[in-house]
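Worksheet: the structure to be examined is printed underneath.
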There are 2 protein chains.
Amino acid sequence: MENFRFYSPTEFVFGRQAEREVGKLLQKHKATRVLVHFGGGSIIQSGLLGRVESAMKDAGVYYVLFGGAVPNPRSGLVYQGIELARAEQIDFVLAVGGGSAIDSAKAIALGAAYPGDFWDLYDGKAKIVAALPVGVVLTIPAAGSEASASAVITHEKGMLKRGVLSDFNRPKFAIINPELTYTLPPYQTAAGVTDMMAHIFERYLTPSKHVELTDQLCEATLRAIVGAARIAIREPLNYEARATICWAGTIAHNGSLGVGRIEDWSTHGLEHELSALYDVTHGAGLAVMFPAFMKYTVDVDVERYRRLAVNVWGVPDDPDHPKRVALAGIAAFEAFLKDIGMPTTFEGIGAKREDIETLLDKLEINRGKTLGSFMKLTRSDCRNIYLLACE
Amino acid sequence: MENFRFYSPTEFVFGRQAEREVGKLLQKHKATRVLVHFGGGSIIQSGLLGRVESAMKDAGVYYVLFGGAVPNPRSGLVYQGIELARAEQIDFVLAVGGGSAIDSAKAIALGAAYPGDFWDLYDGKAKIVAALPVGVVLTIPAAGSEASASAVITHEKGMLKRGVLSDFNRPKFAIINPELTYTLPPYQTAAGVTDMMAHIFERYLTPSKHVELTDQLCEATLRAIVGAARIAIREPLNYEARATICWAGTIAHNGSLGVGRIEDWSTHGLEHELSALYDVTHGAGLAVMFPAFMKYTVDVDVERYRRLAVNVWGVPDDPDHPKRVALAGIAAFEAFLKDIGMPTTFEGIGAKREDIETLLDKLEINRGKTLGSFMKLTRSDCRNIYLLACE
């Protein structure tokens with residue numbers, strides 16, 4: 001087990017009608033002038049935004065609405081949000097939505113507390129030393145951003161997708177009502193499930209040894225997600241399946257499953273360039289990239305892939321043929337992704353084999369580094385994985 | 001899944017030599033005058049206290065030492081600590097030790113911020129609305145108090161053992177270096193393991209339905225503890241086994257395994273009176289009471305006991321005879337306790353059958369309530385469980 005630091009100070013309020021608590025939570029965190037950031041129509045049409053506004057009015061909290069959050073959130077909107085936050089002397093940013101709204105909100109909160117161009121914080125020119133506090137009303141379980149230290153933004157100049165990690169990004173509170181996810185279309189439910197599974201795989205596939213406790217916790221969470229996902233796709237109004245997915249998405253990315261482990265994150269790196277270039281749903285991009293990554297790296301740690309196959313996918317064990325078991329597990333994962341309606345090839349997301357060199361050019365790897373830790377991927381490895389994803 | 005609130009804001013610094021961080025962490029949490037509370041000689045002899053003192057001196061933090069923490073911490077010491085904290089204008093309480101030192105420290109922190117008798121907060125006469133901040137350097141993994149909201153104290157008048165739950169009790173930081181547990185005698189290691197398993201069982205044995213995710217997480221943690229405990233008892237200097245036990249002890253009681261579940265806690269209630277009356281190690285008392293509780297309640301939810309047997313104890317499943325499987329699991333738990341050197345009967349801890357009525361008289365149950373939620377225990381049920389524990 002590696003030495004580690006773990007800190008997840010977010011207060012979670014989880015359950016039916018949990019959004020009613022938003023006024024009380026804003027008061028508790030001393031919010032007086034709130035920027036409410038959200039995406040498009042569904043939050044308005046469902047009445048959720050209205051309920052949140054009522055709760056804020058009842059609590060006597062001043063607020064301004066700032067819509068327009070989009071998937072793969074971009075810098076342009078962040079600049080607008082920062083400007084508005086400054087003009088309105090905002091002291092709290094509330095995101096109502098999924099990972100995109102939350103990540104934009106976090107970037108606005110960082111930028112409003114930084115005198116220069118917020119992108120300095122993203123490209124390493126400046127260190128994060130302050131941020132406005134952020135709260136969340138979650139509507140899409142997927143990104144885990146409601147508990148995570150990360151915030152990913154794509155800069156329009158060059159379509160560079162970059163993330164920052166900071167405790168300042170950890171929301172003060174997160175309100176999670178599984179009922180709010182009833183209306184998610186199956187594709188978005190499936191993409192969310194894929195995203196949270198990917199957050200676990202990035203931690204599970206590790207070079208660290210003696211991590212049995214977190215191995216067990218990762219496998220436990222994966223099993224629960226797989227079971228609940230199959231139900232939620234079939235029965236969108238199944239509260240228990242939705243609740244399981246919601247909470248699994250949170251713990252998949254609050255850091256608890258990665259303690260004491262060197263994490264990987266190369267597949268996220270490979271996918272980020274895909275979704276930046278084609279604007280595909282992040283989860284769908286991960287469904288394409290993860291099986292390819294797994295096939296390419298199976299020999300790095302056959303034993304690990306074998307236990308994943310047995311413990312999560314129920315592949316019958318065969319100690320004499322561990323690689324066969326390992327590959328059967330990867331095949332089971334791919335079959336599961338297809339079952340829940342995810343694409344698993346470049347073609348399925350409109351990505352093109354001839355763009356691979358462009359994708360490779362954008363990877364951070366080009367700063368002389370390799371990607372990931374489970375296997376330190378060179379540019380050539382990354383090319384091979386993209387090629388596997390074309391098949 | 002039940003609606004829930006989850007909040008675990010403690011910052012954990014985990015790993016070899018982690019205690020070196022104590023000065024920095026105290027500074028970060030704006031501590032200027034620190035009361036250092038600890039137990040007896042082992043912390044002085046091992047040099048740990050000296051290292052902590054050096055770190056505080058280097059950080060320029062004023063501190064006073066206040067030793068004397070004992071197992072099943074009592075009110076007398078708490079009163080002394082509160083007096084000292086007031087006289088020294090303490091603004092931070094640092095516990096160096098295990099659950100006893102931490103619980104005393106929490107009670108001192110509560111009492112120093114309360115103008116009246118701190119016991120008012122324990123017997124329900126007053127509400128907790130403030131506390132001094134508390135930090136922890138952990139030396140005994142067991143109680144989980146380094147992350148929990150609880151603090152248990154025994155009042156010398158009547159030897160009443162009572163706990164309070166409050167977010168004010170959650171430590172600001174907890175330093176956990178598994179190497180500090182190398183010198184724990186096997187008995188204390190085993191008692192700690194029993195205590196953390198009990199914290200999980202109190203959550204696992206629930207009347208709540210549709211809790212698959214946390215069922216899986218509970219079982220995963222239990223499996224990891226059982227595996228690591230067998231190693232640590234045999235090889236006290238095995239870092240990985242010690243590390244697994246340390247972190248498992250923390251997550252067993254930080255609330256994460258109980259989210260969305262109605263918890264039970266009747267066995268802790270039954271044990272608290274035992275350890276208050278005989279001053280036995282809490283974990284040993286739990287080793288006596290938990291198998292008895294399980295045998296008595298097996299019919300409440302045979303299915304739940306069956307999956308525990310199969311998933312944690314590796315009992316071969318037999319769908320035609322679920323109760324047989326369930327009982328085999330309880331027997332396996334009892335055998336494990338004996339294996340690691342724990343007593344499992346009244347006799348083993350010097351408790352007496354003829355004291356059962358005295359124990360029953362002290363139980364909170366006598367305020368007209370029943371005990372627990374998995375099965376709502378009446379006084380007669382409690383008597384039967386104590387009697388089972390005599391066998």
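Where a number appears in this text, it was derived from the coordinates with a stated rule and is not lab data. Computed from a prediction, not measured in an experiment: that's the story for all the values here. As a convention, Cβ positions derive from the backbone with ideal geometry for all residues, glycine included, and neighbour counts pool all protein chains shown.
Quick look at the values:
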quantity: Nonlocal amide H pairs with A:PHE173, under 5 Å, H built at 1.01 Å; calculated: A:GLU11, A:VAL136
quantity: Whole-Å semi-axes of the ellipsoid equivalent to chain B (Cα gyration tensor, √5λ, descending); calculated: 34, 24, 19
quantity: Cα-centre dipole for chain B with unit charges at Cβ (Lys and Arg positive, Asp and Glu negative), debye to 20; calculated: 620
quantity: Kirkwood hydrodynamic radius over Cα pairs of the protein assembly as shown, then Stokes diffusion coefficient at 37 °C and 0.692 mPa s, in µm²/s; calculated: 120
quantity: Rounded to 10°, Cα long-axis angle of helix B:239-251 versus longest principal axis of chain B; calculated: 90
quantity: Helix B:302-313 vs. chain B, principal-axis angle (Cα, 0 to 90°, nearest 10); calculated: 60
quantity: Region A:11-180 - Kirkwood radius from inverse mean 1/r over Cα pairs (Å); calculated: 15.5
quantity: For region B:120-243: relative contact order, % (alpha-carbon pairs under 8 angstrom, 6 or more apart); calculated: 25
quantity: Long-range amide H partners of A:ARG74 with built H, under 5 Å; calculated: A:THR154
quantity: For region A:175-284, the Rg and Dmax computed from alpha carbons only, in angstrom; calculated: 14.5, 42
quantity: For region B:316-328, 3J(HN,Hα) per residue [Karplus equation, 6.51 cos²θ - 1.76 cosθ + 1.60, θ = phi - 60°, Hz, x = Gly/Pro]; calculated: x, 6, 8, x, 7, 10, x, 5, 4, 5, 4, 5, 5
quantity: Principal axis dimensions, region A:76-148 - Cα atoms, whole angstrom, descending; calculated: 32, 28, 21
quantity: Whole-Hz couplings from phi, Karplus 6.51/-1.76/1.60, listed for region A:350-359; x for Gly and Pro; calculated: x, 8, 10, 3, 6, 8, 4, 5, 5, 4
quantity: Residue pairs, from the table B:LYS125/B:LYS157; A:LYS30/A:LYS172; A:LYS28/B:LYS127; A:LYS30/A:LYS106; A:LYS172/B:LYS106; A:LYS125/A:LYS161, whose Cα atoms sit over 20 Å apart; calculated: A:LYS172/B:LYS106
quantity: Residues with amide H under 5 Å from that of B:TYR62, placed H, sequence gap 5 or more; calculated: B:VAL34
quantity: Selected from A:GLY67, A:TYR386, A:LEU222, residue furthest toward positive end of dipole (the protein assembly as shown; charges at beta carbon); calculated: A:GLY67
quantity: Per residue Cα convex hull volume in Å³ - calculated over region A:184-390; calculated: 112
quantity: As computed over region A:1-82, the Cα convex hull volume per residue (Å³); calculated: 170
quantity: Mean Cα-pair separation over length for region B:11-180, i.e. relative contact order, pairs under 8 Å, 6 or more apart, %; calculated: 28
quantity: Cα-based shape type of region A:240-286, given that a ≥ b ≥ c are square roots of the gyration tensor eigenvalues and the cut on a/c is 1.5; calculated: oblate
quantity: Mean residue ellipticity (222 nm) of chain A, computed from DSSP H runs ≥ 4 via -39,500 (n - 2.57), nearest 500; calculated: -15000 deg cm²/dmol
quantity: Karplus 3J(HN,Hα) series, Hz, for region A:61-67 with 6.51 cos²θ - 1.76 cosθ + 1.60 (x for Gly, Pro); calculated: 9, 6, 8, 10, 8, 9, x
quantity: Cβ-based exposure ranking for A:HIS29, A:HIS321, A:HIS37, in which fewest neighbours within 10 Å come first; calculated: A:HIS321, A:HIS29, A:HIS37
quantity: On Cα atoms only, tilt of B:266-278 relative to the major axis of chain B in degrees; calculated: 60
quantity: Region A:53-104: C-alpha gyration tensor shape, a/c 1.5 cut-off, then a/b vs b/c; calculated: oblate
quantity: Of the GluC sites (Glu not before Pro) in region B:1-104, those whose Cβ has at most 11 other Cβ within 10 Å and which sit in DSSP loop; calculated: none
quantity: Label geometry 7 Å along the beta-carbon vector: B:ILE262 inter-copy distances in nm; calculated: 4.8
quantity: Net charge dipole size for region A:1-136 [Lys, Arg +1 and Asp, Glu -1 on Cβ; Debye, nearest 20]; calculated: 280
quantity: Nearest-first distances (nm) between copies at A:THR378, label 7 Å from Cα via Cβ; calculated: 7.7
quantity: Prolate/oblate/rounded call for region B:320-391, Cα gyration tensor, a/c under 1.5 rounded; calculated: oblate
quantity: Nm distances between copies for B:THR358, ranked from closest, using label points 7 Å along Cα→Cβ; calculated: 8.3
quantity: Length-normalised contact order of chain B in % [C-alpha pairs under 8 Å, at least 6 apart]; calculated: 16
